[in-house]
Amino acid sequence: MTPVLSLRGATKRFGGLVAVDDLDFDVAEHDVVGLIGPNGSGKSTTLNLISGALQPTAGSIALNGSEIAGLPAQDIARRGIARTFQLVRPLASMTVLENVKAGAVFGHRRRWGRDAEAQAMRMLEKVGLSRRAQAPMGSLTYIDSKRVELARTLAGEPKVLLLDEWLAGLNPTELEQGIALIRSLRDEGRTIIIVEHVMDAIRSLCGRCVVMSSGAKIAEGTTEAVLSDPEVIRAYLGTDDA
Amino acid sequence: MTRPEVQSLSIGTVLFALAACLPFLSDAYLLSIGVTIAMYTVLATSWALFSGPTHYISLATAAFFGLGAYTTALGIEHLPYWLLLPIAGVLGAVLAALVGLATLRLSGVYFVIFTLGLAELVRQIITWGQNMSGTKGLYVLTAITEEHIYWQLTALAALVFLTGWLIARSRLGFAVRILGDDEEVARHVGIHTARVKVLLFMVPGAVAAITGAMLAPRYVYIEPAIAFTPMLSFQVVIMALLGGTGRLWGPIVGVIPFTFLWEAISGTFPNQTTLLLGLAFLAIVYLLPNGFTGLLEAARSRLKGAPA
């Protein structure tokens, strides 16, 4: 079976700095893969390469076997990769419903008119915000605007979902709700890549993990195995004699 | 269509019918002001269709306007007048598309400078052409009267409002609102942002060119300095911002008072008009960032909020 998403030798250089170094990994359908590593290890840059926010310097990224590396972000979105942003990006002048409708109208599966509105409403129900549909975006709390952004990415029925530290900045109660929400997406059989620092979330959500350090992949495998790998622990905590 | 949509359509139709009756008052001064107001309504409203949601300030109005004026001036000897208007529109749209493709990928500042330079560029090309051929200006002699020009402009204004209303209901209109809020998000939900901007920029381009083509008979004598005056571009921007670009009818709220003020000032202090332009600009920046319509909406929401 061909993987939904596969990276081969994906590389991103900023001048002399190699942010992502010759990265290979595959994501199978219905997989929830954690992309983890210390700060500055290139996780978010990798996500940006996949979503088309940045163009890779070298290497290949394929969605269902067809090459998407170097395509502009709008084409990648249309082919079925949707993302949330590390710093939530609401459309400030619009209502909650319109924010989600944006994903339904222009995403992978495109709708218009009542159809788009109904789809946006369904997504708001999924994230638990249908009662705030007509509220202006500015009136929402931080976690609620994160939920809206998640609903916006879901509305276009993407094949792959990229979550860039979606759980960052939430308080313990919100974190619990957030993890439950992503778990419900996993149980629907969605294919998701999660960049995250919250280890509890990684443990409870991801079947597999890819670990990065200084731009390169240092480990890959089931979450349990990867998190007990001595090299991974060293990358996070440093060496004993350091 | 929903009830408020039918309502606003009917109100619009009645207002345009009333505006079309102005020439029957047979007051030459009123008619001349009417032509000016109709002209700036067309220019400022179409300008705001693009620059309102995208926040790209275009100073290219004079370039398109002059292009249209020259279309009439050069073509009137060879083609029927009614054919020249759509030709001017097509030329304006094509020029806008070329400018858009070249600049709209860049950030706003480059776009402003480029559009300002564009009017000057086209003017210099025509001046050069005239020097080569030995002619200085062109006479546009037609049987078209001030009334005809007024009616044409009113009809064009109705067309611009209809276009704006249709765009607002379309996917293109939704795309440009998303783009105006956050271009990065727009790209990542799958909007081809460059295409949206170019398509939308073609609207004011075509409309300003048609306006220029309609007004050429009024000038009688056309030369580059008249047809491509940068003052026109600045006035359109200031009127649109003064009225407010958040609503389709916003710019007209700026056009009417500004035209009367301009007439009054240029009548008594003809050399101080630039000063008025500057003061109006300061007023917009410091006092009316969302224009008159922004002021009205704020007042309305305050009234609504008060009893609750």
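What follows is calculated from the coordinates using simple rules that are stated; it is not laboratory data. Computed from a predicted model, the values in this text were never measured in an experiment. Positions of Cβ are generated from backbone atoms using ideal geometry, with glycine treated the same way; all protein chains shown enter the neighbour counts.
Which links in B:Lys136/B:Lys197; A:Lys43/A:Lys126; A:Lys159/B:Lys197; A:Lys101/B:Lys304 stretch past 32 Å when you go from one Cα to the other? Before the final figure, lay out each step's value.
Numbers: B:Lys136/B:Lys197 37 Å; A:Lys43/A:Lys126 28 Å; A:Lys159/B:Lys197 28 Å; A:Lys101/B:Lys304 28 Å.
Those over the limit are B:Lys136/B:Lys197.
Specify whether the C-alpha gyration tensor of segment B:3-229 places it in the rounded, prolate or oblate class, a ≥ b ≥ c being the square roots of the eigenvalues: rounded for a/c under 1.5, otherwise prolate if a/b is larger than b/c and oblate if not. Mind dumping the intermediate values first?
Values: a/c = 2.42, a/b = 1.19, b/c = 2.03.
Since a/c reaches 1.5 but b/c is at least a/b, the shape of segment B:3-229 is classed as oblate.
Express the relative contact order of segment B:204-308 as a whole percentage, based on alpha carbon pairs under 8 Å and six or more residues apart in sequence.
On the way: 74 pairs, mean separation 27.1, N = 105.
Dividing the mean separation by the residue count of segment B:204-308 yields 26 percent.
Helix A:142-155 versus the longest principal axis of chain A: what angle, 0 to 90°, nearest 10, using Cα atoms?
Once rounded, the angle reads 90 degrees.
Let me have the relative contact order for chain B, percent, based on Cα pairs under 8 Å that are six or more residues apart. Can you show the working numbers first?
Values: 419 pairs, mean separation 95.9, N = 308.
Once normalised by length, the contact order is 31 percent.
Mind checking the dipole of the protein assembly as shown: about its Cα centre, +1 per Lys or Arg Cβ, -1 per Asp or Glu Cβ, Debye to the nearest 20?
Details: 43 positive and 42 negative charges, 204 e Å.
So the dipole magnitude of the protein assembly as shown works out to roughly 980 debye.
So, in Å, what gap is there between the alpha-carbon centers of segment B:223-273 and segment A:166-242?
Going from one Cα centre to the other spans 59 Å.
How do B:Arg302, A:Arg186 line up, fewest other C-beta atoms within 10 Å first? Spell out each step's value before the answer.
Details: B:Arg302 9, A:Arg186 18.
Least crowded to most crowded, the residues run B:Arg302, A:Arg186.
Quick check: the distance between the Cα centres of segment A:1-29 and segment B:116-160, to the nearest angstrom?
57 Å
Return the percentage of antiparallel bridges among DSSP beta bridges fully within chain A, rounded to the nearest 5 %.
Values: 21 of 37 bridges.
Around 55 percent of the beta bridges assigned by DSSP in chain A are antiparallel ones.
Angle between the Cα long axis of helix A:114-126 and the longest principal axis of chain A, 0 to 90 degrees, nearest 10?
Between the helix axis and the principal axis of chain A, the angle is about 60 degrees.
Mind pulling the angle between the C-alpha long axis of helix A:96-106 and the longest principal axis of chain A? Nearest 10 degrees, somewhere in 0 to 90.
Taking the Cα atoms of chain A, the angle to A:96-106 is about 70 degrees.
Filter the DSSP H helices in chain B by two things, a Kyte-Doolittle mean of at least -0.5 and an axial alpha-carbon span of 24 angstrom or more, and list the hits by number.
Details: long enough: B:3-20 (26 Å, 0.93); B:28-54 (39 Å, 1.24); B:81-103 (33 Å, 2.04); B:108-133 (38 Å, 0.87); B:146-168 (33 Å, 1.03); B:193-219 (39 Å, 1.13); B:250-268 (29 Å, 1.16).
Answer set is B:3-20, B:28-54, B:81-103, B:108-133, B:146-168, B:193-219, B:250-268.
Divide by every residue of chain A the summed helix terms, -39500 (n - 2.57) for each DSSP H run of at least 4, and state the resulting mean residue ellipticity at 222 nm, rounded to the nearest 500 deg cm²/dmol.
Numbers: 9 runs with 90 residues, N = 242.
Rounded to the nearest 500, it is -11000 deg cm²/dmol.
Under a Cβ-Cβ cut-off of 12 Å, what is the net charge of the residues other than A:Arg122 that fall near it, where Lys and Arg count +1 and Asp and Glu count -1? Write down the numbers at each step before the final one.
Values: positive: A:Lys101, A:Arg111, A:Lys126; negative: A:Asp115, A:Glu117, A:Glu125, A:Glu157.
Value of the local net charge: -1.
For chain B, what does the helix formula give at 222 nm: sum of -39500 (n - 2.57) over DSSP H segments with n ≥ 4, over the residue count, nearest 500 deg cm²/dmol? Intermediate values should be presented prior to the final figure.
Details: 14 runs with 242 residues, N = 308.
Estimated from H runs of four or more residues: -26500 deg cm²/dmol.
Using the Cα centre of chain B as the reference point, and only Cβ charges (+1 on K/R, -1 on D/E), how large is the resulting charge dipole? Debye, rounded to the nearest 20. List each step's numbers first, then the result.
Working: 15 positive and 13 negative charges, 149 e Å.
Using Cβ point charges on Lys, Arg, Asp and Glu, chain B gives about 720 debye.
May I ask which residue of B:Gln130, B:Gly12, B:Leu98 lies farthest towards the positive end of the charge dipole of the protein assembly as shown, with charges of +1 (Lys, Arg) and -1 (Asp, Glu) on Cβ and the Cα centre as origin?
Value: B:Gly12.
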